[in-house]
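Have a look at the structure that comes next, please.
The values are calculated or read from the model by the stated rules, or taken from the named source; none is laboratory data. As the structure is a computational prediction, the values presented were derived from the model and not from experiment. Positions of Cβ are generated from backbone atoms using ideal geometry, with glycine treated the same way; all protein chains shown enter the neighbour counts. Only protein heavy atoms, including side chains, enter the accessible area calculation; ligands, DNA and RNA are left aside. Shrake-Rupley method; radii C 1.70, N 1.55, O 1.52, S 1.80 Å.
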Amino acid sequence: MTLKNCYISALALTLFACVLTACSEADEQAVPEGYGGVTLRLTAPFGPQTRATGDWLDPVSTDELIHDYWVVFVSESDRRVAQIVEGDAQGAEYHDFRFMLPAGKYILFAFANISADTFESLNIIENTQMPDLTAVRYKTVNGWSGQIPMSNDGRQEVTVAEQENQSFEVPLTRMMAKLELQFRNTTGFDLDILGWELSPLEKTSVPLLAYSEEQRDKEALTTDTTTFKQVLSTPLRIAKGGNGTITTYINETNATATTTENQYSLRLKVRRSGAKDILGNDVEGVEEVRFGITLPKEEEGFSIIHRNDWIRIPVELGNWQFRIECLPFPPIAGFQSRVESADATSVTFETGGYVVLCPMFRRTDDPAGVWRNFSDGSVVFKPTGTYTKKDDNTYEDIDSETKTGIIIRGDMRIFEPSDSQESGLMLFKQIDASNIVGELLTSTPKDYKRGQVTITLKVQLGDYNDEGTFVGYHYQFDYNILR
């Protein structure tokens with residue numbers, strides 16, 4: 001028998017029907033023997049384990065609050081479903097309701113903002129065994145729109161006594177993380193954000209139940225990840241000296257299982273307005289800028305995006321552009337065959353020889369065609385040539401002071417081994433002020449190998465302020481070498 005805000009257990013006796021059908025007047029009714037009168041409060045806090053810098057109860061919209069909900073009381077002794085309470089909080093920050101329940105010990109499961117069909121598919125039925133939901137995943141989409149699905153961890157234990165007035169709070173956790181990109185334009189131009197992408201992110205689903213505090217940083221999420229791309233139907237205009245914000249919802253993701261520890265990559269597609277070349281002519285153009293988002297300490301790190309996180313990423317749009325060229329280093333009277341990708345972030349070689357990476361930089365107010373290299377004083381980059389192998393078989397040479405340098409990952413067998421390195425390990429080193437070089441295996445049948453390595457360059461670009469202090473911005477660029 002279903003009421004507006006509560007299910008009445010089939011165990012209830014007809015004798016008590018007048019009591020059970022007046023939940024809102026329970027204080028005026030005697031509680032039947034063997035039952036307890038319960039007030040239950042659903043809440044949706046941001047939680048102590050998130051990196052939220054403010055309370056989620058300051059919502060972007062009511063989609064972040066509680067709407068349709070289901071609370072399931074499961075008998076602790078035999079794991080049978082004793083009662084299901086459902087209702088609609090209609091976009092509330094918290095929601096109270098009263099009902100009757102046989103005295104005893106229970107485990108609570110709670111869900112909100114999921115469809116009735118989804119709840120029905122869980123096969124949770126009164127007076128039957130509670131199904132095991134630990135492996136159930138909920139289908140989610142990066143860039144989620146609409147009501148944010150919520151659940152608890154299915155581990156909350158309560159004891160209902162034979163008394164009238166007792167209350168419990170059931171905290172719900174949002175299954176999505178809220179992401180804010182907070183832009184600040186320090187260039188001399190108006191800028192339009194045309195689109196952006198973030199990787200890696202969990203691709204299609206997340207666990208239905210929230211992890212406990214003990215599990216959440218230990219349990220590896222799946223490695224089925226993707227790059228989330230969003231093209232803005234209306235570009236976000238950020239005036240020079242101005243600010244702008246993009247807010248969206250994304251899946252929880254464990255980056256330690258998918259990529260370099262503590263590392264996510266944000267890429268923006270930006271159009272500038274009002275730029276002039278050296279002759280004073282108007283210059284309009286689209287520039288793609290890749291930013292690295294990194295925090296150095298694991299305990300403060302960005303290696304895991306938790307559900308219910310409210311992550312605010314400040315993005316300062318400065319006066320620097322960054323590109324990289326991959327140049328062949330052919331033998332005498334020879335030339336390596338190569339095919340570059342459309343976005344010039346990868347290159348395929350069919351023969352052996354050297355691979356030369358040539359990173360280039362320019363200020364947006366430099367004359368057209370002017371590019372700088374590592375010899376420029378505004379560029380910080382200090383590779384030492386000594387690479388450290390990590391547990392995930394990546395190699396890195398990151399300067400501990402500037403956090404700049406090279407990270408190498410992928411199939412190292414396509415590179416020539418050297419005396420100072422393990423067999424099959426690529427050696428990439430800076431050979432002059434502007435170039436970084438590595439050597440492919442020769443193309444003889446014995447040594448011919450195919451594979452891919454990704455070279456991640458982390459650089460710091462910046463300017464000297466009025467006090468003469470260097471103010472830098474960190475950039476990351478990934479380059480794929482295929483063979």
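Is it the case that Thr159 is assigned to a strand (DSSP E or B), polar (S, T, N, Q) and touching a residue at least 24 places away in the same chain (Cβ under 8 Å)?
It is true that Thr159 is assigned to a strand (DSSP E or B), polar (S, T, N, Q) and touching a residue at least 24 places away in the same chain (Cβ under 8 Å).
Working only within segment 118-129, note down all residues that are more than 30 Å from the chain's Cα centre (by Cα), in a loop (DSSP other than H, G, I, E, B) and on the phi < 0 side of the Ramachandran plot.
The answer is Ile124, Ile125, Glu126, Thr128.
In addition: Quick test of your reading of the structure: Asp58 fulfils all but one of (1) assigned to a loop (DSSP other than H, G, I, E, B); (2) at pLDDT 95 or above; (3) open to solvent by 30 Å² or more (accessible area, probe 1.4 Å). Name the failing condition by number.
Among (1) assigned to a loop (DSSP other than H, G, I, E, B); (2) at pLDDT 95 or above; (3) open to solvent by 30 Å² or more (accessible area, probe 1.4 Å), the lone unmet condition for Asp58 is (2).
Let me ask something additional. Working only within segment 120-129, note down all residues that are more than 25 Å from Gly36 (Cβ to Cβ) and open to solvent by less than 90 Å² (accessible area, probe 1.4 Å). Working first, answer last.
Looking only at segment 120-129, we keep the residues that are more than 25 Å from Gly36 (Cβ to Cβ), and these are 120-123.
Residues satisfying the conditions are Ser121, Leu122.
Could you tell me whether segment 106-117 includes any residue that is among the polar types (S, T, N, Q), assigned to a strand (DSSP E or B) and open to solvent by less than 60 Å² (accessible area, probe 1.4 Å)?
Here is the first cut: in segment 106-117, the ones among the polar types (S, T, N, Q) are 113, 115.
This time we only want the ones that are assigned to a strand (DSSP E or B), so: none.
The answer is no; no qualifying residue exists.
Just to be sure I understand, how many residues within segment 130-156 are farther than 19 Å from Ala103 by Cα, open to solvent by 20 Å² or more (accessible area, probe 1.4 Å) and outside any loop (DSSP other than H, G, I, E, B)?
Matching residues across segment 130-156 total 3.
Quick one: how many residues across segment 159-169 are under 25 Å from Ala116 (Cβ atoms) and buried (at least 19 other Cβ atoms within 10 Å of the Cβ)? Write out each step before concluding.
Residues of segment 159-169 under 25 Å from Ala116 (Cβ atoms): 168-169.
Cutting the leftovers down to buried (at least 19 other Cβ atoms within 10 Å of the Cβ) gives us none.
Final tally of qualifying residues: 0.
For every residue, the table says whether it meets (1) more than 19 Å from Pro171 (Cβ to Cβ); (2) modelled with pLDDT under 95.
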residue: Glu86; (1), (2): no, yes
residue: Asp96; (1), (2): no, yes
residue: Phe109; (1), (2): no, no
residue: Leu122; (1), (2): yes, no
residue: Ser145; (1), (2): yes, yes
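For the list (1) open to solvent by 20 Å² or more (accessible area, probe 1.4 Å); (2) at pLDDT 80 or above; (3) among the aromatic types (Phe, Trp, Tyr); (4) out of contact with any Phe, Trp or Tyr (no Cβ under 7 Å at 6 or more places or on another chain), I need the number of the one condition that Phe381 fails.
(4)
Residues that are of a type in the set (Gly, Ala, Ser), at pLDDT below 90 and under 30 Å from Asp117 (Cα atoms): does segment 184-198 have at least one?
No, segment 184-198 contains no residue that is of a type in the set (Gly, Ala, Ser), at pLDDT below 90 and under 30 Å from Asp117 (Cα atoms).
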